[in-house]
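Here is the structure we will look at, set down as structure tokens.
The values are calculated or read from the model by the stated rules, or taken from the named source; none is laboratory data. All of these numbers come straight from a predicted model, not from anything done at the bench. All Cβ positions, glycine included, derive from the backbone under ideal geometry; neighbour counts span all protein chains shown. Ligands, DNA and RNA are stripped out before the accessible areas are found, and what is left, the full protein with its side chains, is counted by its heavy atoms. Shrake-Rupley method; radii C 1.70, N 1.55, O 1.52, S 1.80 Å.
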Amino acid sequence: MLKMIHGDDWESVLDNDTEAVVNHALKIGAFCHKDISELKVPLLLTGSKEDEMFPKGHYEALFGEICNETKLARAHVFEHGGHPAMMSNIDEFIGICDEFISGT
């Protein structure tokens, strides 16, 4: 799946992404260095209940916290699918994105 998303050089893309996250953690610390309540743009959060990378209930808890911090966030947790949810639920994800972008 990573090759489909990032192309033939997916391994270097993944390595570079990992390096950027590690450098950010070492130099800045907190991943989000501003409070989410300062967000000024709409935020769409998606995940799957069957995501093999996170424990059961992770997305519901995390997204609930974020949505409580800003009214600009909207969350959708898919019943099925793996990681990332947007790829394992591509058709439904596109519909959710269309609705989110159009504001309906």
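When we screen A85, A25, A20 for residues that are within 28 Å of S102 (Cα to Cα) and open to solvent by less than 80 Å² (accessible area, probe 1.4 Å), the only hit is A85.
To keep it simple, each residue is scored yes or no on (1) within 25 Å of L2 (Cα to Cα); (2) touching a Leu at 6+ places or on another chain (Cβ under 9 Å).
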position	(1), (2)
K34	no, no
F54	yes, yes
C67	no, yes
A73	no, yes
G95	yes, no
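The set of residues in segment 45-56 being surrounded by 13 or more Cβ atoms within 10 Å (Cβ to Cβ) and either modelled with pLDDT under 95 or part of a loop (DSSP other than H, G, I, E, B) (or both) consists of K49, E50, D51, F54. The set of residues in segment 28-44 being open to solvent by 80 Å² or more (accessible area, probe 1.4 Å) and either on the phi > 0 side of the Ramachandran plot or in a helix (DSSP H, G or I) (or both) consists of E38 alone.
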